[in-house]
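Inspection log for the structure reproduced underneath, given as structure tokens.
Derivation of every value follows stated rules applied to the coordinates shown; laboratory data play no part. In this text, all values refer to a predicted model and were calculated from it rather than measured experimentally. In this analysis, Cβ positions are derived from the backbone assuming ideal geometry, glycine residues included, and neighbour counts consider all displayed protein chains.
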Amino acid sequence: MKSFQGSAHNISEPLLGRVARKHLLFDGDHTVVIQKFRWGLGHKALLTTNNDLPKQYVKMPCVYGVSQESLSELHDGDVIKVYPDGNIVRLWEYGSDQNVIFVTDKCNCHCIMCPQPCDSCSTSSFLHENEEILNIISPETNSICFSGGEPTLEPKQLESLLAICKRRFPNACISILTNGIALSNFNNIKRIVEQGNKLLFCVSLHGDVNDVHDKIMGVEGAFAQTMRGLYNLARFKCWIELRFVIMRQNYERLPYYAEFIYRNLTFVSHVAFMGLEYTGEAARNIENIEIDPVEYSTLLRKAILCLHRRGMNVSIYNIPRCLLSRDIWRFSRDSISTWKKTFLDICDSCEEKVNCCGLFKTSVYISPHISPITSSKIDNNRMPN
Amino acid sequence: MESKEVLLVNCVGEYIVISIQEFNALLTNPFAIHSDTFKLLKCKNFFTDYDLELAIEMLATKLRTRKAFLRNFTSLHMVVLTAHCNGRCDYCHASSSDVAKGPLSQNMRPDVADAVVDMIFMSPSQYIKIEFQGGEPLINWEVLVRIVHRTKKINKTANKKLEFVVCTNMTLLDYDKAKFLMKEGIQISTSLDGPKELHDLHRKMRDGSSSYDKFIENLSIVCRVMEAESVSPLLTITRDHLKRLPEVIDEYIRLGFKGIFLRSLNPYGFAREDLAALGYSMEEFIEAYKEGFDYILQKNRNGVHFVEYFATLILSRILTPFSTRFVDLQFPAGAGISGVIYDYDGCVYPSDEARMLARTGDKKFLLGNVIDNSYEEIFEGNKLKSIISMSCAEVMPGCTSCVYQAYCGSDPVRNYVESGDVMGFRPSSDFCKKNMGIIDFLFKYILENNEQVMDIFWSWITGRSLEDVRL
């Protein structure tokens with residue numbers, strides 16, 4: 001999530017609210033208001049580029065000295081949280097389809113490549129804050145993603161958040177990122193699904209056999225539980241996206257995995273093959289899991305071909321085009337969130353840059369094979385037919 | 001396949017090829033085999049080493065999916081509108097009767113037709129396909145119209161998904177009839193045996209005219225009225241066709257048809273009587289099939305989307321997890337439970353072949369008559385039950401242990417004709433020889449795994465163009 005820094009004044013506890021640039025009293029260019037009420041009246045706090053606090057607002061919660069650049073990135077309708085230390089975090093970006101609601105930081109797995117390691121015994125609750133976000137964002141919001149931690153570990157909270165979505169955004173696309181383990185409980189799914197909107201479950205499945213998947217997830221029996229969860233989701237006719245993060249432990253399974261999905265989980269609507277983000281646990285375990293996309297590009301092509309031939313929807317996330325066989329470029333998506341996305345200097349001369357997902361700013365490993373794609377190179381480097 | 005390799009297929013049609021050494025090791029101690037093979041066997045559900053309950057659930061799901069064609073009970077209802085025909089094909093399986101001699105005594109009567117429609121609606125299936133057969137069904141046009149109208153009227157409340165097909169030589173079609181077929185959404189299944197000389201060779205008209213010329217003339221009328229996809233021709237391969245399949249295929253492509261079904265001559269009706277002149281050994285057929293198939297493959301390589309339908313059926317069974325109903329080749333057999341035929345006199349038979357057999361005097365498979373018998377007597381009687389119970393691969397000698405079981409099927413009527421026994425006798429069965437031969441042939445292509453050939457196969461299976469299938 002995007003965050004900015006300024007100096008706090010009169011802020012004793014975190015404040016959450018919606019950004020409004022246009023306000024009777026302030027000019028929007030240098031001062032931004034955090035609204036007090038949903039319907040726009042009053043203000044909770046100010047963010048300003050001024051280095052001194054204007055005298056008339058001495059009693060008002062305020063962050064001053066925010067850079068002009070940071071301030072201009074905030075838009076009306078964004079939801080931000082302001083901390084007593086002057087830190088400003090954007091929890092929701094207006095108009096973006098990359099917003100995520102973090103239901104919990106609890107998780108029941110210990111994935112070796114987890115980019116966001118969580119506290120398995122965390123007791124903090126985000127319910128109140130999440131409810132507030134969902135209540136103040138624009139009613140035209142059309143895409144909401146619930147993640148964690150593992151969001152299904154708090155079924156009650158998830159249910160109440162989904163109930164807000166049903167009421168405020170009946171037509172929005174709601175997705176839930178999950179490892180699917182808790183969904184092996186039929187009643188868990190039933191309650192979640194009953195809340196309304198048609199849901200897309202993005203389920204992690206990193207192998208076609210239990211050994212491979214369980215080892216990656218750090219939980220014995222994870223594969224079996226997730227398989228049961230997937231069958232349950234099919235019973236409720238939910239949309240399902242499978243997510244397979246490619247790493248040292250499972251890259252050899254790619255073609256078999258594709259065939260396995262077609263044979264056993266034909267009902268999924270989408271399969272995504274994902275490159276690693278080397279941060280968090282993935283950075284810690286880099287020696288163990290690291291693999292360059294170049295090493296698996298033939299196998300990935302096989303997996304894509306297998307699913308595509310069979311009429312299934314398939315995508316590639318997080319792998320730059322120069323590391324992929326050219327004939328599977330059309331399956332790669334612009335999957336890296338804008339605030340995390342970066343390019344190398346050499347990428348400037350690449351003809352595919354505009355279509356490329358780019359690289360993770362957050363990653364500690366960058367493939368040495370990144371190289372700009374130019375027309376001449378395309379001809380010399382013909383990919384297999 | 002190299003003789004040093006072993007093909008394994010499980011009950012849901014998933015396959016794997018392993019070396020003979022690995023296979024032997026597998027038999028003695030599965031845990032001793034190479035871990036990659038072990039994983040492969042596990043992901044394909046050949047065995048499990050961690051969660052038996054899940055493995056069973058996965059297999060059950062796949063089996064249920066593959067056998068989904070059983071869910072609906074009888075959906076194909078063939079209605080013989082007449083036994084008369086204006087043609088007299090040398091190989092007529094249905095032993096048709098002449099049209100010139102006196103009144104058409106072998107036309108279906110209106111009261112019988114009404115009883116047939118009422119019986120059809122007794123079927124629990126939500127999908128009803130009515131196929132008009134003959135003789136030449138257009139000879140009894142009034143009853144065809146009557147059945148269509150009655151069916152649609154009843155369906156206003158029954159709300160089933162209806163489909164109609166008329167199996168006709170097209171010689172009696174005219175603009176008005178074609179209009180009616182178009183308006184009512186009736187598809188045409190017809191016959192085309194190749195270019196003129198080859199087509200007219202065995203497809204003879206009783207008045208001595210050329211059946212090919214009339215076919216072409218009326219095809220152009222039909223194509224003016226209906227979409228080209230509404231017409232699909234069927235080829236009957238006689239000895240004279242064996243060496244000339246490429247010519248036949250060219251003719252199909254020339255006329256704009258999208259595919260062909262290369263099927264061998266069946267031993268019924270006139271064809272059975274005249275087997276010496278028309279027939280051939282199964283080995284000869286398989287050779288001809290391979291030649292025709294490879295010719296079609298080459299056409300596809302050259303950019304012509306043209307399908308071989310029998311291969312597509314078998315390939316779908318090998319390569320997909322889905323259910324493929326084919327009444328002539330499924331386990332349990334489609335007899336009565338998937339398809340049924342009502343003869344012109346109201347007699348009900350479990351398959352077209354059973355009715356053809358009855359025409360030649362053997363009424364062994366007669367299930368009853370729509371006028372005299374109830375739905376329950378016909379469809380829930382012991383006769384049909386015993387036919388079906390003897391058509392399950394799991395209990396059929398030879399099929400129980402066959403590696404191709406999941407891809408094959410049984411035809412009890414055919415078994416009876418071939419061996420005098422409904423269960424059949426595999427070692428001398430032409431039916432078995434043919435299916436084994438063709439599945440062997442197709443498996444070679446699958447295991448070769450040439451990317452272009454597999455792209456073509458998938459374009460056939462999924463009904464998409466080659467461009468849509470490949471990378």
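Ignoring trypsin sites (Lys or Arg not before Pro) that are buried or in helix or strand per DSSP, and keeping those with at most 10 other beta carbon atoms within 10 Å, what is the longest stretch of chain B between them? Result, exposed sites excluded: B:102-471.
With a cut-off of 8 Å between alpha carbons and a minimum separation of six or more residues, what is the relative contact order of region A:288-365 in percent? Walk me through the numbers before you get to the answer.
Values: 78 pairs, mean separation 22.9, N = 78.
Relative contact order comes out at 29 percent.
For region A:162-211, the equivalent ellipsoid built from the Cα gyration tensor has semi-axes of 25, 13, 6 Å, listed from largest to smallest. The alpha-carbon of A:K2 sits under 26 angstrom from the alpha-carbons of these lysines, leaving out residues fewer than 8 places away in its chain: A:K22, A:K36, A:K44, A:K81, A:K106, A:K340, A:K341, A:K353, A:K361. Amide H contacts of A:C145: A:I101, A:S175, each under 5 Å away and 5 or more positions distant or on a separate chain (H built 1.01 Å from N in the peptide plane; Pro and chain starts excluded). Applying the criteria of a DSSP loop state and at most 15 other Cβ atoms within 10 Å to the trypsin sites (Lys or Arg not before Pro) of region A:163-271 yields A:K198, A:K237.
Evaluated at q = 0.21, 0.29, 0.32, 0.33 Å⁻¹, a Debye calculation over the C-alpha positions of region B:291-331 (equal weights, vacuum) places log10 I(q)/I(0) at -0.73, -0.97, -1.06, -1.09. Taking the Cα centre of chain B as origin and assigning +1 to Lys and Arg Cβ atoms and -1 to Asp and Glu Cβ atoms, the resulting dipole is close to 860 debye. Over all pairs of different C-alpha atoms, chain B has a mean inverse distance whose reciprocal, the Kirkwood radius, equals 23.8 Å.
For B:K204, the residues 5 or more places off, or on other chains, whose built amide H falls under 5 Å of its own are B:R88, B:C89, B:D90.
Against the empirical curve 2.2 N^0.38 Å, the C-alpha radius of gyration of chain A lands at a ratio of 1.07. Taking the longest Cα principal axis of chain B as reference, the axis of helix B:430-448 is set at about 50 degrees. log10 I(q)/I(0), Debye, Cα-only region B:134-191, no solvent, q = 0.19 Å⁻¹? Debye output, listed in q order: -0.69.
With the gyration tensor restricted to C-alpha atoms of region B:281-399, the semi-axes of the equivalent ellipsoid amount to 35, 17, 15 Å, longest first.
In square nanometres, what is the average projected area of the Cα convex hull of region A:222-337? If you can, show how the numbers build up before the last one.
Details: hull surface 30.8 nm².
Result: 7.7 nm².
Projecting the alpha carbon convex hull of the protein assembly as shown along each direction and taking the average yields 43.4 nm². The local environment of B:Y416, defined by Cβ-Cβ distances under 11 Å, has a net charge of -3 under the rule Lys, Arg +1 and Asp, Glu -1.
Based on the Kirkwood radius over alpha-carbon pairs, what is the Stokes-Einstein translational diffusion coefficient of region B:76-164 at 37 °C with 0.692 mPa s viscosity, in µm²/s?
239
Counting only DSSP beta bridges with both residues in the protein assembly as shown, tell me the antiparallel percent, nearest 5.
Values: 36 of 92 bridges.
Taking every DSSP beta bridge within the protein assembly as shown, about 40 percent pair in antiparallel fashion.
Neighbour counts of C-beta atoms inside 10 Å place B:D362, B:D343 in the sequence B:D362, B:D343, starting with the fewest. Rounded to the nearest 10 degrees, the angle from helix B:110-120 to the longest Cα principal axis of chain B is 20 degrees. Here the relative contact order of chain B, from alpha carbon pairs under 8 Å that lie six or more residues apart, stands at 16 percent. B:L173 sits among other residues whose Cβ lies under 12 Å from its own Cβ, and their net charge, with Lys and Arg +1 and Asp and Glu -1, is 0. Give the distance, in whole Å, between the Cα centre of region B:250-265 and the Cα centre of region A:72-130. Between the Cα centre of region B:250-265 and that of region A:72-130, the gap is 62 Å. Taking a cut-off of 17 Å between Cα atoms, list the lysines near B:K62, but don't count ones fewer than 8 places away on the same chain. Cross-link targets: B:K42, B:K44. Residues of chain B were split at every exposed loop site, defined as GluC sites (Glu not before Pro) in a DSSP loop with at most 12 other C-beta atoms within 10 angstrom, and the longest piece left, sites excluded, is B:3-226.
Summary of the geometry: region B:414-451 and region B:117-132, compared by the centres of their Cα atoms, lie 31 Å apart. Region B:155-188 and region B:342-378 have their alpha-carbon centroids 24 Å apart.
Provide B:D114, B:D411 in ascending order of the number of other Cβ atoms located within 10 Å of each residue's Cβ, fewest first. Mind showing how you got there, number by number?
Values: B:D114 15, B:D411 24.
If I rank by nearby Cβ atoms, fewest first, I get B:D114, B:D411.
Note on B:V6, B:V417: ascending count of other Cβ atoms within 10 Å places them as B:V6, B:V417, the fewest first. Using the Cα coordinates of region B:330-471, the gyration tensor eigenvalues translate into equivalent-ellipsoid semi-axes of 35, 19, 13 Å, sorted from longest to shortest.
Can you list the chymotrypsin sites (Phe, Trp or Tyr not before Pro) in region B:360-442 that are in a DSSP coil and have 15 or fewer other beta carbons within 10 angstrom?
On the way: sites: B:F365, B:Y375, B:F379, B:Y404, B:Y407, B:Y416, B:F425, B:F431, B:F441; in loops: B:F365, B:Y404, B:F425.
Qualifying residues, ordered by number: B:F425.
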